Every structure is written in structure tokens, then in C-alpha cells.
1. Give me the percent of Cα-Cα pairs in region 88-191 that sit more than 16 Å apart, rounded to a whole number.
2. Would you work out what percent of the accessible area of region 82-124, with all protein chains in place, is carbon or sulfur (probe 1.4 Å)?
3. Please calculate how many Å² of accessible area region 380-447 carries per residue, with a 1.4 Å probe and no DNA, RNA or ligand atoms counted.
4. Using θ = phi - 60° and the Karplus form 6.51 cos²θ - 1.76 cosθ + 1.60, what ³J(HN,Hα) does each residue of region 434-441 get, whole Hz, x for Gly and Pro?
5. Which lysines does Lys427 reach when only Cα atoms under 18 Å apart count, and residues fewer than 8 places away in its own chain are ignored?
6. Bin by bin, in steps of 5 Å, what percent of the Cα pairs in region 229-319 do you find, going until the bin that has the longest distance?
7. Carbon and sulfur: what percent of region 358-432's accessible surface (1.4 Å probe)?
8. Excluding ligands, DNA and RNA, what is the solvent-accessible area per residue of region 1-115 at a probe of 1.4 Å, expressed in Å²?
Amino acid sequence: MLFDSPPKNWQVSTLGEICQEGGGDIQTGPFGSQLHASDYVISGIPSIMPANIKEGRVSEGGIARITEADAKRLSKYLTKAGDIVYSRRGDVERCALIRKHEEGWLCGTGCLRVRPGSGVVDPDFCSHFLSHPETKEWISRHAVGATMPNLNTQILSALPVLLPSLQEQKQIAHILGTLDDRIELNRKTNETLESMAKALFKSWFVDFDPVRAKAEVRPTGLPAEISDLFPDSLEDSELGEIPSGWRVAQVGERLETVLGGTPLRKRSDYWGGDIPWIGSGMVNEFRVTRPTESITELGLAESATKLLPIRSTLIAITGATLGQVSTNEIEVCANQSVVAILPSSDFGAEYVHLWILSNIDILVSSQTGGAQQHVNKNNVNELPLLVPSLATLARFSASTKPLYDKIAINIFSSELLQNIRDSLLPKLISGEIRIPDAEKMLEEVGV
């Protein structure tokens with residue numbers, strides 16, 4: 001256990017005592033009576049909600065915003081670099097370190113702010129300590145509420161903290177932070193690569209920029225061998241105007257679709273094998289690289305599930321994940337809440353994936369059902385599919401496949417780094433592994 005035999009000269013304190021000694025505090029975000037839904041604006045100061053706390057960082061995707069005037073009125077709740085923001089309800093283990101970029105944002109409704117202060121605990125070390133499995137277990141165990149766990153300042157203040165010297169804290173934080181930085185760099189690189197692929201798809205197959213340029217006798221900005229692939233006029237279709245000579249089909253006419261399935265749970269010989277299998281919940285990731293569970297060869301043979309080739313397009317067709325789209329970077333089976341569209345020799349995986357992403361609203365609009373909304377395989381088969389010339393499709397795959405390949409490499413790299421970090425974190429925080437040994441481990445894996 002974390003506190004059974006701490007290393008010599010390490011101290012046991014509480015989070016509240018550390019914050020107080022360092023001149024910080026633990027502060028609840030504003031209550032709903034202080035900030036109403038009508039106060040949020042399109043452009044302004046970001047307000048951090050529990051949904052924005054992801055993997056130890058603040059995600060700006062869909063973040064709410066408030067006016068400068070409201071930020072001034074609620075200035076006691078604004079963040080500083082080195083603060084740690086917690087989700088106050090629900091997933092109370094979720095927290096994020098505030099970095100320089102997020103300074104001056106609002107610790108929003110539903111959050112708690114931990115301000116460690118200075119001179120006692122390094123904020124990066126503190127953030128990693130709060131990510132320790134035993135720390136998270138302690139927080140969950142002490143959270144109040146029968147139906148939904150809730151945190152408060154008293155609970156966080158009482159959290160036991162194991163504290164090495166400030167110098168060793170910084171060394172531990174540097175080692176773990178190096179891994180975090182590499183993971184974050186991979187994530188940002190992948191965002192850029194995804195944006196490049198989506199931008200090219202939109203230009204060629206949504207806006208038809210090369211065709212419009214040629215129709216207006218303007219340069220396409222493309223090499224001649226690519227520009228020559230596009231016609232110089234548009235014609236009407238059920239999708240609106242499309243390049244002349246291209247056509248519109250249905251997905252099921254040109255591509256194979258596969259509905260997943262689940263081997264019988266009561267058959268133990270169907271489960272625990274070496275064949276990856278996922279539920280629809282995994283389809284909320286841009287790339288599926290790991291399974292939910294695994295099944296046996298017998299489970300595959302005697303159930304409706306099928307082994308899907310790498311880079312199929314996966315669509316969640318029911319429940320809360322309805323309309324989520326992913327591709328798989330490992331061969332995997334899926335449950336009956338997933339329809340896969342398999343790539344073909346004509347339609348590359350990248351085109352299929354981006355076409356479905358761009359047109360998923362059409363599929364979702366066909367949903368039926370009561371509390372559990374869903375679509376079915378037939379709805380997927382009936383989706384319209386733009387059919388460009390085979391040469392254009394081949395050129396697009398040649399341009400985007402390297403981007404997808406690099407994304408996959410970065411994801412697998414990040415998963416390896418996460419495994420190393422998650423293995424090192426509890427051992428460093430508890431003193432089981434000391435700095436020199438950890439540094440040696442990182443050298444051996446090239447970090």
C-alpha cells in the first residue's frame with residue numbers, strides 16, 4: 001500500500017494542509033444561482049466543466065464561455081497555472097492540471113479547484129499523485145451520495161498525500177511529464193493529420209474545388225496529372241450538383257456491409273480467447289486499436305460476429321453511441337450494435353471512412369425506436385455514395401493512406417508510452433522505484 005512503508009525522509013500530510021502551507025486553497029466552482037445557462041456566450045472566457053476534463057488535461061472541444069464582465073464578477077473562481085480542477089459530481093476521479101494556456105479560465109459549475117500554492121508541493125507532482133490508482137480509489141470511496149458520487153472541499157482536504165522533498169518531486173514530475181508530453185505531441189500531430197485528410201476530402205468530394213476551377217478556367221492549384229482526373233463541369237444528381245461523369249449509388253450496391261454479433265455469454269468456451277472483440281462503446285474513438293474483450297475461434301465460428309479487416313469503417317447504430325464512426329487498426333469483431341463497411345479494391349478505406357463521417361447525419365435522421373433509438377444495416381446499405389472515377393479514388397487513397405498510416409503509428413506509440421507511464425507512476429509516487437532506475441528504463445525504450 002502507498003503509505004505502509006514510505007521511503008526515509010518522505011512525509012505524510014493531507015492535501016488541505018499542503019495547500020494551506022503553500023498559500024493556496026481548495027475552492028468549489030460557482031453554483032448555478034451565480035451563473036445561469038443564459039449567461040453563456042459564443043465567444044468569451046472558457047468555463048471548464050466536468051465534460052472538459054479528459055486524460056489529465058482540459059479539452060477545449062465544445063467548451064462553454066462567459067463574458068469578460070462575468071469573469072470579473074466571478075474572479076475568485078478563475079484559474080492559475082498549476083491549479084488542479086476536479087469533477088465534483090459523477091466521475092469524481094477525473095481531474096486536470098491547469099497549464100499556462102488555461103490561466104484565467106473559469107473553474108465552472110460542477111467543478112472544484114485545488115490550488116497547491118508554492119514552496120511545498122510541485123503542481124506537476126501533485127497532479128500525478130492525484131492520478132495514482134490508490135489516490136483515485138480513496139477519493140471514490142469517500143465521495144458522498146447514493147446514486148451519484150459527489151466531492152466537496154472537506155473530502156479533498158482530508159486526502160492523504162505522500163510527499164518527498166521538493167527536488168525529488170520535480171524529478172518525478174519531469175520523468176512522468178516527459179511521457180505525457182510525448183503522448184500529447186502524438187495527439188496534436190494526429191489532429192493535424194486528420195485535418196489534412198478531411199480538408200482534401202472536402203475539397204475534392206464535397207466542394208468540388210478542382211472541377212469548379214476548371215469550369216471557370218482558373219488554375220486548380222494541383223499537379224497536371226491530378227488536375228486531369230477531374231472533369232470541367234457539374235451535373236444534377238440526387239445529391240445536388242456533382243462532377244460530370246461521376247454517379248451516385250447506394251453504399252450496399254458498391255460495398256460490403258457486416259452486422260456484428262455477440263457470442264453467447266453463458267458459453268465460457270466462447271470467451272477469453274485471442275480474437276479481439278468490441279462493443280459499440282469503443283466506436284466513440286477515431287481509431288479502434290484495442291479490444292473490449294476477446295473471444296475464441298469457437299465463439300467466432302458459432303456466432304453472428306465476423307472478423308473485420310483492418311481499416312473497415314465502423315458505425316454504432318443504437319443507443320447513446322448512435323452515429324459514432326471509427327476505423328479499426330487491428331482485426332476485430334464487433335457486437336450487434338455495430339455495422340462495418342469494408343473497404344474494397346475500388347473504394348479505399350480512407351474514402352469510405354471520410355464519406356461516412358461527412359454523411360452520418362443522413363443515417364442518424366433515419367433512426368427509429370422509443371427510448372433506445374437505432375438504425376439498422378439496411379439503413380446503412382441505403383446511404384447515398386458518391387462514385388467518382390476509379391483513377392480519382394486511387395489518387396485520393398495514395399494521398400491519404402500515408403496520413404492514416406502515420407496516425408495509426410502515433411496511436412500505437414502513445415499506447416506504449418501510456419503503459420510505461422501507468423507502470424511507473426505508482427512505483428515512483430510510492431518510492432518503490434527511485435529516480436536513477438526510472439531514468440534508465442526510459443533510456444531503454446528510447447524516451
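1. Details: 3468 of 5356 pairs.
Roughly 65 percent, rounded to a whole number.
2. Details: 580 of 1310 Å².
Answer for region 82-124: carbon and sulfur cover 44 percent of the accessible area.
3. Numbers: 3160 Å² over 68 residues.
On a per-residue basis, 46 Å².
4. Couplings: 9, 3, x, 5, 5, 4, 5, 4 Hz.
5. Within the straight-line cut-off, Lys427 pairs with Lys8, Lys136, Lys170, Lys440.
6. All Cα pairs, binned at 5 Å, distribute as 3, 11, 18, 16, 13, 10, 8, 7, 6, 5, 3, 1, 0 percent.
7. Working: 1850 of 3450 Å².
Reported share for carbon and sulfur atoms: 54 percent.
8. On the way: 5690 Å² over 115 residues.
Value for region 1-115: 49 Å² per residue.
The values are calculated or read from the model by the stated rules, or taken from the named source; none is laboratory data. Computed from a predicted structure; not experimentally measured. As a convention, Cβ positions derive from the backbone with ideal geometry for all residues, glycine included, and neighbour counts pool all protein chains shown. Just so you know, the surface numbers come from the protein's heavy atoms only, side chains and all, with ligands and any DNA or RNA stripped out. Shrake-Rupley method; radii C 1.70, N 1.55, O 1.52, S 1.80 Å.
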